[in-house]
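Working notes, beginning with the structure itself.
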Amino acid sequence: MTLKLKKSIAVSDSGFLFNAATGDSFTTNETGIDILQLIKEGKEIDEIVEYIVANYNTSPPNCEKDILEFISLLKQWHLVDTEGDSTP
Amino acid sequence: MTQEPLTIAVTGLNATDNPGSGVPVIRALRESERFRNARIIGLAYEHLEPGIYMHDLVDKTYTIPYPSLGQESLVARLQYIHQHEHLNVVVPNYDAELPSFIHLKSRLEALGIASLMPSIEQFEQRSKHNLPKLCKDLGLHTPQSEVVSTLAELRHALSLTGYPAMIKGKFYEAYIARSYEEALNHFYKLSAKWGIPVIVQQYIQGTEVNVTALGDGKGQLIGAVPSRKTYITPMGKGWAGVVIDDEELMEATRRIVEGTQWPGGLEIEMLRDVRHDRLYLIEINPRFPAWVYLAVSCGQNHPEALVRMALGEEVPPFTHYDRGKMFIRHSWDMICPLDEFERISTRGEL
């Protein structure tokens with residue numbers, strides 16, 4: 001599954017996310033910033049898990065579960081599209 | 001062309017928890033290149049409208065009679081003020097006073113007082129009870145609305161909209177009703193305060209988005225800045241808001257201004273139903289909103305453009321607004337000498 005950050009989303013270095021289309025804003029931590037950067041780069045979920053496991057002190061099963069939970073939050077707040085999805 | 005410095009009269013000085021747009025309009029004029037040295041005359045209905053006491057913004061304030069006292073009493077008062085102040089432009093900022101000012105437009109023009117306001121037909125076209133027809137003509141969605149003046153009509157309207165329903169006053173205020181008893185209570189309260197009809201509207205769950213806009217009266221949109229309220233008071237007033245980027249909302253605004261040939265300021269209130277991805281037009285307010293200064297901060301000084309157009313100047317449309325701006329209101333206790341309150345109360349001037 002490939003994720004795409006919506007065009008209207010701006011992410012700052014400090015982890016502040018702003019959706020210019022809706023006015024919603026969010027904050028995330030350092031790990032979240034890394035995940036969002038990897039999404040921006042067009043990485044697959046497997047690649048994101050690989051990166052996080054290599055750079056943070058976590059095991060693959062836990063990491064994948066946490067990343068999928070994070071991604072489900074991104075979807076819930078309409079911040080990302082999955083491939084082929086074009087809702088605003 | 002009128003010689004500078006100009007004298008501009010502005011209403012809506014009630015910078016309260018239910019704010020009018022007069023103070024932000026004056027702030028915008030004060031910050032404009034063109035009108036920074038203008039003499040600003042406040043026109044107030046109540047002695048405790050905070051703008052009366054903001055002497056860095058308002059040079060002098062006169063009380064004016066409520067619209068319920070009739071146009072003749074208003075024109076007599078404006079003539080008196082004009083004799084002393086030589087007004088060049090008047091900018092009314094309340095929905096409820098607009099019909100009086102519109103009816104007096106040509107008489108004010110004969111005195112040399114310019115304005116930019118909709119006609120009575122345009123004012124009525126966007127009124128709550130005519131909104132469904134306007135939306136149909138413009139191809140916009142709006143919640144089902146029923147105009148009610150009697151209890152039988154209220155009951156019938158609620159049978160069509162179901163619960164919850166929005167019960168809205170003719171000019172201002174809206175309440176949600178979850179039962180007939182609640183609706184009845186709101187109906188009595190709103191009809192006593194604003195008169196009949198009262199509007200019963202289908203409840204749509206969604207995010208409210210708004211646009212402050214300006215039309216030139218020839219169908220051209222001169223400026224528009226969309227925002228979303230990010231903090232809403234218990235009275236339903238936006239206390240913070242952020243500029244957004246919503247092309248569909250801007251397109252709806254263009255359609256409204258073009259379709260109505262709207263002259264002057266307006267605020268468009270819409271609801272985005274996220275589940276069905278649909279925009280509903282809720283209301284068109286016939287004047288600038290109290291958050292109009294947000295547009296100024298984004299590079300579109302709508303009040304300045306309005307006054308320039310009122311004076312007959314050609315104003316090119318704004319083509320850009322800065323994103324990444326938000327507003328937050330705050331309360332601030334002004335300390336005023338009691339004799340100022342005495343003067344405005346007894347002489348009607350300060």
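The values are calculated or read from the model by the stated rules, or taken from the named source; none is laboratory data. Just so you know, these numbers come straight off a predicted model, no measurement behind them. Please note: Cβ atoms are built from the backbone with ideal geometry, for glycine as well, and neighbour counts cover all protein chains shown. Only protein heavy atoms, including side chains, enter the accessible area calculation; ligands, DNA and RNA are left aside. Shrake-Rupley method; radii C 1.70, N 1.55, O 1.52, S 1.80 Å.
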Next item on the list: Would you confirm whether any residue within the stretch A:3-16 is of a type in the set (Lys, Arg), within 14 Å of chain B (Cβ to nearest Cβ) and open to solvent by less than 40 Å² (accessible area, probe 1.4 Å)?
Entry: yes
Checklist line | Checking B:Glu31 against (1) touching a Leu at 6+ places or on another chain (Cβ under 9 Å); (2) under 19 Å from B:Ala305 (Cα atoms); (3) not aromatic (Phe, Trp, Tyr), the condition it does not meet | finding: (1)
Check: Which one of B:Glu85, B:Glu146, B:Glu97 is surrounded by fewer than 19 Cβ atoms within 10 Å (Cβ to Cβ), among the acidic types (Asp, Glu) and out of contact with any Lys or Arg (no Cβ under 6 Å at 6 or more places or on another chain)?
Finding: B:Glu85
Note to self: Name the residue that is most open to solvent (accessible area, probe 1.4 Å), counting only residues in the stretch B:297-343 that are under 30 Å from B:Asn88 (Cβ atoms) and within 14 Å of chain A (Cβ to nearest Cβ).
What the structure shows: B:Phe327
Margin query: I'd like to check something: does the stretch A:35-55 contain any residue that is open to solvent by 40 Å² or more (accessible area, probe 1.4 Å), touching a residue at least 24 places away in the same chain (Cβ under 8 Å) and in contact with a helix residue (DSSP H, G or I) (Cβ under 7 Å, 6 or more places away or on another chain)?
Written below: no
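Take B:Arg77 and tell me if it is touching a helix residue (DSSP H, G or I) at 6+ places or on another chain (Cβ under 7 Å), basic (Lys, Arg) and open to solvent by 30 Å² or more (accessible area, probe 1.4 Å).
Details: touching a helix residue (DSSP H, G or I) at 6+ places or on another chain (Cβ under 7 Å): no; basic (Lys, Arg): yes; open to solvent by 30 Å² or more (accessible area, probe 1.4 Å): yes.
For B:Arg77, the condition - touching a helix residue (DSSP H, G or I) at 6+ places or on another chain (Cβ under 7 Å), basic (Lys, Arg) and open to solvent by 30 Å² or more (accessible area, probe 1.4 Å) - is not met.
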Notebook entry, point to check: Here is a list of conditions, (1) open to solvent by 20 Å² or more (accessible area, probe 1.4 Å); (2) assigned to a loop (DSSP other than H, G, I, E, B); (3) closer than 30 Å to B:Asn210 by Cβ, and A:Gly23 meets all of them except one; can you say which number that is?
Noted result: (1)
Next item on the list: Tell me which of these B:Ile40 doesn't satisfy, since it passes every other one: (1) closer than 17 Å to B:Pro303 by Cα; (2) surrounded by fewer than 17 Cβ atoms within 10 Å (Cβ to Cβ).
Entry: (2)
Checklist line | Subset of the stretch A:56-79 [open to solvent by 80 Å² or more (accessible area, probe 1.4 Å) and within 15 Å of A:Glu30 (Cα to Cα)] | finding: A:Asn57, A:Asp66
Next item on the list: Can you tell me which residue within the stretch B:100-124, out of those that are in contact with a Leu (Cβ under 6 Å, 6 or more places away or on another chain) and over 30 Å from B:Glu173 (Cα atoms), is surrounded by the most Cβ atoms within 10 Å (Cβ to Cβ)?
Entry: B:Ile113
